[in-house]
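The values are calculated or read from the model by the stated rules, or taken from the named source; none is laboratory data. Since this is a predicted model, take the numbers as computed values, not measurements. Ligands, DNA and RNA are stripped out before the accessible areas are found, and what is left, the full protein with its side chains, is counted by its heavy atoms. Shrake-Rupley method; radii C 1.70, N 1.55, O 1.52, S 1.80 Å.
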Amino acid sequence: MENNNISNTTKTATESSPKDYSSNPTVFGKILRQEIPYHPYIETDTLLSFRDRTPRAPLHALVITKQYIPSVQSLQSPSLSSNDDASIEVVSSMKEMALQIIQSQQPTAYQNQDYILAFHVPPFHSVHHLHLHVLAPASEMSFIFRYGIFATGTIWCTGVDDVLKRLKERKRAV
(Lines give C-alpha, C1' and ligand atoms only; values in the text may rest on other atoms or scores of the structure.)
Protein backbone atom coordinates (compact mmCIF):
# COMPACT_ATOMS: atom_id res chain seq x y z
CA MET A 1 0.00 0.00 0.00
CA GLU A 2 1.50 3.32 -1.03
CA ASN A 3 0.66 6.65 0.56
CA ASN A 4 2.06 9.61 -1.33
CA ASN A 5 0.09 12.25 0.53
CA ILE A 6 2.06 15.08 2.02
CA SER A 7 1.16 15.38 5.67
CA ASN A 8 1.59 18.01 8.34
CA THR A 9 0.48 15.72 11.14
CA THR A 10 2.48 14.05 13.86
CA LYS A 11 2.43 10.28 14.19
CA THR A 12 3.01 8.45 17.46
CA ALA A 13 3.35 4.95 18.82
CA THR A 14 -0.42 4.66 19.16
CA GLU A 15 -0.72 3.84 15.46
CA SER A 16 0.07 0.24 14.55
CA SER A 17 3.06 -0.68 12.40
CA PRO A 18 2.71 -3.82 10.25
CA LYS A 19 6.48 -4.36 9.78
CA ASP A 20 9.10 -5.58 12.23
CA TYR A 21 11.85 -3.00 12.68
CA SER A 22 13.10 -4.43 15.98
CA SER A 23 16.59 -5.10 14.62
CA ASN A 24 17.13 -1.42 13.72
CA PRO A 25 19.18 0.02 16.62
CA THR A 26 18.91 3.69 15.58
CA VAL A 27 16.55 6.55 16.38
CA PHE A 28 15.13 5.97 12.88
CA GLY A 29 14.28 2.43 14.01
CA LYS A 30 12.32 4.00 16.86
CA ILE A 31 10.51 6.22 14.34
CA LEU A 32 9.75 3.24 12.10
CA ARG A 33 8.44 1.32 15.14
CA GLN A 34 6.44 4.46 15.98
CA GLU A 35 7.94 4.64 19.45
CA ILE A 36 8.61 8.37 19.15
CA PRO A 37 6.63 11.11 17.41
CA TYR A 38 7.61 12.48 14.02
CA HIS A 39 6.15 14.78 11.36
CA PRO A 40 5.70 12.71 8.17
CA TYR A 41 5.69 13.92 4.59
CA ILE A 42 5.41 10.81 2.40
CA GLU A 43 5.49 7.08 3.12
CA THR A 44 5.76 4.14 0.74
CA ASP A 45 6.35 0.45 1.34
CA THR A 46 10.12 1.01 1.25
CA LEU A 47 10.72 4.65 2.26
CA LEU A 48 9.62 7.12 4.92
CA SER A 49 10.14 10.87 4.88
CA PHE A 50 9.69 13.25 7.76
CA ARG A 51 10.73 16.66 9.07
CA ASP A 52 14.23 16.88 10.56
CA ARG A 53 14.07 17.61 14.29
CA THR A 54 16.63 20.42 13.91
CA PRO A 55 15.82 22.06 10.57
CA ARG A 56 18.64 23.90 8.79
CA ALA A 57 16.43 25.32 6.01
CA PRO A 58 12.77 26.35 5.75
CA LEU A 59 12.20 22.81 4.46
CA HIS A 60 14.49 20.20 5.98
CA ALA A 61 13.17 16.69 5.47
CA LEU A 62 14.85 13.33 5.75
CA VAL A 63 14.12 10.42 3.44
CA ILE A 64 15.05 7.08 5.00
CA THR A 65 14.91 3.50 3.85
CA LYS A 66 12.65 1.24 5.87
CA GLN A 67 15.18 -1.53 5.37
CA TYR A 68 18.12 -0.95 7.68
CA ILE A 69 21.08 0.20 5.58
CA PRO A 70 23.83 1.63 7.80
CA SER A 71 25.10 4.41 5.50
CA VAL A 72 25.76 5.61 1.97
CA GLN A 73 29.02 3.65 2.15
CA SER A 74 26.95 0.46 2.55
CA LEU A 75 25.40 0.82 -0.90
CA GLN A 76 26.78 -1.75 -3.32
CA SER A 77 27.71 -0.90 -6.86
CA PRO A 78 26.43 -3.49 -9.31
CA SER A 79 29.12 -5.85 -10.54
CA LEU A 80 30.01 -5.77 -14.20
CA SER A 81 28.60 -9.28 -14.60
CA SER A 82 25.34 -8.54 -12.78
CA ASN A 83 22.18 -6.64 -13.58
CA ASP A 84 21.43 -6.19 -9.88
CA ASP A 85 20.80 -2.47 -9.65
CA ALA A 86 19.20 -2.56 -6.18
CA SER A 87 21.31 0.28 -4.77
CA ILE A 88 20.59 2.44 -7.81
CA GLU A 89 16.88 1.78 -7.38
CA VAL A 90 17.00 2.68 -3.68
CA VAL A 91 18.84 5.97 -4.25
CA SER A 92 16.66 6.85 -7.27
CA SER A 93 13.52 6.26 -5.21
CA MET A 94 14.88 8.40 -2.39
CA LYS A 95 15.65 11.22 -4.86
CA GLU A 96 12.20 10.95 -6.44
CA MET A 97 10.51 11.20 -3.03
CA ALA A 98 12.71 14.16 -2.07
CA LEU A 99 11.73 16.03 -5.23
CA GLN A 100 8.03 15.32 -4.56
CA ILE A 101 8.39 16.88 -1.11
CA ILE A 102 10.17 19.97 -2.45
CA GLN A 103 7.62 20.38 -5.25
CA SER A 104 4.78 20.23 -2.73
CA GLN A 105 6.28 22.21 0.16
CA GLN A 106 8.59 24.69 -1.64
CA PRO A 107 7.37 24.95 -5.26
CA THR A 108 9.43 28.05 -6.07
CA ALA A 109 12.60 26.38 -4.79
CA TYR A 110 11.72 23.31 -6.85
CA GLN A 111 11.18 25.38 -9.99
CA ASN A 112 14.44 27.30 -9.45
CA GLN A 113 16.37 24.15 -8.43
CA ASP A 114 17.18 25.97 -5.18
CA TYR A 115 17.67 22.89 -3.05
CA ILE A 116 20.25 20.47 -1.72
CA LEU A 117 19.85 16.68 -1.71
CA ALA A 118 22.73 15.21 0.27
CA PHE A 119 24.03 12.23 2.20
CA HIS A 120 26.57 12.67 4.98
CA VAL A 121 29.51 10.29 4.72
CA PRO A 122 30.60 8.36 7.81
CA PRO A 123 31.91 9.31 10.27
CA PHE A 124 30.30 12.69 9.56
CA HIS A 125 26.71 11.63 10.20
CA SER A 126 24.66 11.62 13.37
CA VAL A 127 22.48 8.55 12.72
CA HIS A 128 23.91 5.27 11.46
CA HIS A 129 21.04 4.61 9.02
CA LEU A 130 20.95 5.68 5.38
CA HIS A 131 19.15 9.02 5.10
CA LEU A 132 18.91 11.71 2.45
CA HIS A 133 18.78 15.33 3.59
CA VAL A 134 16.26 17.42 1.65
CA LEU A 135 16.91 21.15 2.11
CA ALA A 136 15.05 23.99 0.40
CA PRO A 137 15.37 26.76 -0.45
CA ALA A 138 19.14 26.49 -0.21
CA SER A 139 19.44 30.24 -0.78
CA GLU A 140 17.79 30.82 2.61
CA MET A 141 20.17 28.57 4.55
CA SER A 142 22.82 30.05 6.80
CA PHE A 143 26.31 30.17 5.31
CA ILE A 144 27.75 27.49 7.63
CA PHE A 145 25.09 24.96 6.67
CA ARG A 146 24.88 25.72 2.95
CA TYR A 147 28.61 25.98 2.29
CA GLY A 148 29.88 23.89 5.19
CA ILE A 149 27.87 21.10 6.77
CA PHE A 150 25.77 20.33 3.65
CA ALA A 151 28.36 21.23 1.01
CA THR A 152 28.32 18.33 -1.43
CA GLY A 153 31.53 17.14 -3.02
CA THR A 154 33.40 17.22 0.28
CA ILE A 155 34.80 14.35 2.34
CA TRP A 156 31.83 14.69 4.70
CA CYS A 157 28.93 15.18 2.32
CA THR A 158 27.98 13.88 -1.13
CA GLY A 159 25.12 14.79 -3.43
CA VAL A 160 22.47 12.31 -4.48
CA ASP A 161 23.32 12.79 -8.17
CA ASP A 162 27.00 12.06 -7.46
CA VAL A 163 26.04 8.81 -5.72
CA LEU A 164 23.78 7.77 -8.61
CA LYS A 165 26.47 8.59 -11.17
CA ARG A 166 29.09 6.55 -9.32
CA LEU A 167 26.76 3.56 -8.86
CA LYS A 168 25.78 3.63 -12.55
CA GLU A 169 29.47 3.67 -13.44
CA ARG A 170 29.82 0.50 -11.33
CA LYS A 171 31.89 2.33 -8.71
CA ARG A 172 31.55 2.62 -4.94
CA ALA A 173 28.85 5.09 -3.85
CA VAL A 174 31.44 7.33 -2.17
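What the chain shows is 54 Å² of accessible area per residue, with the surface traced by a 1.4 Å probe over protein heavy atoms. One chain, two ends: D45 and S93. Fully extended at 0.36 nm per residue, the span grows by 16.1 nm beyond their Cα-Cα distance.
Any chance you could run the full-extension gain for K165 through Q103? It's 0.36 nm times the residue separation minus the Cα-Cα distance, nm to one decimal.
Numbers: separation 62, 0.36 × 62 = 22.32 nm, distance 2.30 nm.
Here the segment from K165 to Q103 would lengthen by 20.0 nm.
Overall, the accessible surface of the chain at a probe of 1.4 angstrom is composed of carbon and sulfur to the extent of 48 percent. Residue order by solvent-accessible surface for R53, R166, R33, R172 is R53, R172, R166, R33, largest first, with ligands and nucleic acids left out and a 1.4 Å probe.
Given the DSSP H assignment, sum -39500 (n - 2.57) over each helix run of at least 4 residues in the chain and divide by its residue total; what's the result at 222 nm in deg cm²/dmol, nearest 500?
On the way: 4 runs with 40 residues, N = 174.
The per-residue figure over the chain is -6500 deg cm²/dmol.
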